[in-house]
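Asks: The structure's right below; bear with me while I get my questions together.
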Amino acid sequence: MKEQNIYDNNEFFENYQKLRQNKGLTANDLIETPQLFELIGDVKDKEILDLGCGAGNNDRKLIEKGAKSVLGIDLSKKMIEVANKENDLDNIEYKVMSMNDIDKIN
């Protein structure tokens, strides 16, 4: 399966960042995120692997909900750079890698 990484295209990434920086409530805030956390359930003391983490938008919240640690992986170097800048907690780590390579995680 061919890996796709549109987020490292400069024009796409800049426009995506503008969209995500909208300070008003979005469909993600109102629908997707609450549903995601309902499906995830209790994360207390768990080590979380966030596949396709993008900018790590959910990772700080996972820690706040009691997760022991979060490892986020994504193909996009640009998205991982944003994730590292936004989530500088010691128990959140990010790697540029494909989901197809998760067997290489220590």
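Asks: Kindly list the number of the only condition in (1) in a loop (DSSP other than H, G, I, E, B); (2) in contact with a strand residue (DSSP E or B) (Cβ under 9 Å, 6 or more places away or on another chain); (3) not basic (Lys, Arg) that fails for GLY72.
Replies: (1)
Asks: When you scan segment 11-33, do you find a residue that is among the basic types (Lys, Arg), assigned to a helix (DSSP H, G or I) and crowded, with 16+ Cβ neighbours inside 10 Å, even just one?
Replies: We begin by selecting, within segment 11-33, every residue among the basic types (Lys, Arg); these are 18, 20, 23.
Checking the rest, the ones that are also assigned to a helix (DSSP H, G or I) come to 18, 20.
The next check asks that each one be crowded, with 16+ Cβ neighbours inside 10 Å; those that pass are none.
The answer is no; no qualifying residue exists.
Asks: Another one. Need pairs with beta-carbon distance below 6 Å; first residue within 24 Å of ASN91 (Cα to Cα) and within segment 24-52, second at pLDDT 95 or above and hydrophobic (A, V, I, L, M, F, W, C); sequence gap 6+ or separate chains.
Replies: Every condition considered, the pairs that remain are VAL43/LEU62; VAL43/ALA67; LYS46/ALA67; ILE48/LEU62; ILE48/ALA67; ILE48/VAL70; LEU49/LEU71; ASP50/VAL70.
Asks: Ok, one more. Does LYS78 satisfy the condition of being outside any strand (DSSP E or B), among the basic types (Lys, Arg), surrounded by 11 or more Cβ atoms within 10 Å (Cβ to Cβ) and in contact with a Ser or Thr (Cβ under 9 Å, 6 or more places away or on another chain)?
Replies: Working: outside any strand (DSSP E or B): yes; among the basic types (Lys, Arg): yes; surrounded by 11 or more Cβ atoms within 10 Å (Cβ to Cβ): yes; in contact with a Ser or Thr (Cβ under 9 Å, 6 or more places away or on another chain): no.
So LYS78 does not fit the description; no.
The values are calculated or read from the model by the stated rules, or taken from the named source; none is laboratory data. Only a predicted model underlies this, so the values are computations on that prediction, with no experimental measurement involved. FYI the Cβ positions are ideal-geometry reconstructions off the backbone, even for glycines, and counts take in every protein chain you see.
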